[in-house]
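Shown next, in structure tokens, is the structure this report addresses.
The values are calculated or read from the model by the stated rules, or taken from the named source; none is laboratory data. Please read all numbers here as calculations on a predicted model, not as lab measurements. We place every Cβ from the backbone using ideal geometry, glycine too, and count neighbours over all the protein chains shown. Accessible surface is based on the protein model in full, side chains and every heavy atom, while ligands, DNA and RNA are left aside. Shrake-Rupley method; radii C 1.70, N 1.55, O 1.52, S 1.80 Å.
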Amino acid sequence: MDNRPIADSGDRALLLDHRGNRFIMTLEAGGRLHTNLGVILHDAIIGLPWGHRIESHMGHPFLVLRPSLADSIAALKRATQIIYPKDAAYLLVMMDIHDGTQVVEGGTGSGSFTMMLARAVAPSGHVYTYEAVRDTLNLARKNLALVDLERHVTFYHRDIAAGFDQRDVDAVFLDVREPGDYLDHVVAALRPGGFFATLVPTTNQVSDVLAAMQSTPLADVEISELLLRHYKPVPARLRPDDRMIGHTGFLIVARYLPFAAAPRPPNPTRPRQTHDQFWS
């Protein structure tokens, strides 16, 4: 457990009540949090160790915690649909995003995936993110600032139809309506062997991206969909939650392979799609 005191200099804090409700706030001297279980004074939290228990003015208990990145993403102010942690975490692994990686993101949106990218590439990597709508980009900046990750990101107010400034980056991710329209810009930005990924909500969009890839050196393609089912944490009657999200999006991951290679037999344990022109 982190036993350092919570400072009063704008730290983010998570309050968890006995029902599992979560409240995230930026601590301020004299501030108040109003909940249906009573009012909590920020001054009663400032200086306490993480994990400490406090009570509202009505006597209801709350735990004071440092919010995780998942907590921060769930609490984001948003102007667009966000990429959820289950999809984001998988994309980070599939695109091999880690400390030192250079990443271009097309379509910043509210900044949820930008946060995940920035956390993963820090401290020596960098994220270059492009957004055409100024108000949306400004919101993303504020969201990144709340979790102290904006220093790992360069923001561009620009339509990606104009292309990317970067070259030889390790990965490019597109979160736009028609990602297949921008694959030439993706290829121009990537280093050989670098990763391209996108998320689209419908199968016809997947088909459009695959068709567009046929005329590019993007191959080693994987398409997937991730479903997450939560369980009720009650030992005596453990069972799934009554509801689950049935679909978020289709994930497409590929690599930039500009040089032809000798034919290789397919891997029967993990079939992947490759384009015929790479083996001709």
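Table: residues versus (1) modelled with pLDDT under 95; (2) surrounded by fewer than 18 Cβ atoms within 10 Å (Cβ to Cβ).
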position: 95; (1), (2): no, no
position: 98; (1), (2): no, yes
position: 108; (1), (2): no, no
position: 111; (1), (2): yes, no
position: 127; (1), (2): no, no
position: 131; (1), (2): no, no
position: 152; (1), (2): no, no
position: 173; (1), (2): no, no
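Scanning region 207-234 for residues that are farther than 14 Å from residue 250 by Cβ, open to solvent by 50 Å² or more (accessible area, probe 1.4 Å) and aliphatic (A, V, I, L, M) yields 211, 228. Among the residues of region 197-225, which ones are touching a strand residue (DSSP E or B) at 6+ places or on another chain (Cβ under 9 Å) and either aromatic (Phe, Trp, Tyr) or in a loop (DSSP other than H, G, I, E, B) (or both)? Passing the criteria: 201, 202, 216, 217, 225. Just to verify a result, which residue in region 37-58, among those that are part of a loop (DSSP other than H, G, I, E, B) and farther than 19 Å from residue 20 by Cβ, is most open to solvent (accessible area, probe 1.4 Å)? Only one residue fits best here, namely 57.
Just name the residue that is surrounded by the fewest Cβ atoms within 10 Å (Cβ to Cβ) out of those in region 235-260 that are among the small types (Gly, Ala, Ser) and not in a loop (DSSP other than H, G, I, E, B). So, considering only residues that are among the small types (Gly, Ala, Ser) and not in a loop (DSSP other than H, G, I, E, B), the one surrounded by the fewest Cβ atoms within 10 Å (Cβ to Cβ) is 236. Selection of region 134-166 for residues being within 19 Å of the chain's Cα centre (by Cα) and in contact (Cβ under 8 Å) with a residue 40 or more places away in the chain yields 136, 139, 142, 143, 146, 147, 155. Scan region 1-36 for residues that are modelled with pLDDT of 85 or more, crowded, with 18+ Cβ neighbours inside 10 Å and not in a strand (DSSP E or B) and the total you get is 1. Among the numbered conditions (1) closer than 30 Å to residue 196 by Cβ; (2) among the acidic types (Asp, Glu); (3) more than 12 Å from the chain's Cα centre (by Cα), the only one that residue 55 does not meet is (1). Please determine, by comparing only the residues of region 183-196 that are farther than 17 Å from residue 223 by Cβ and not in a strand (DSSP E or B), which one is most open to solvent (accessible area, probe 1.4 Å). Taking the candidates together, the pick is 184.
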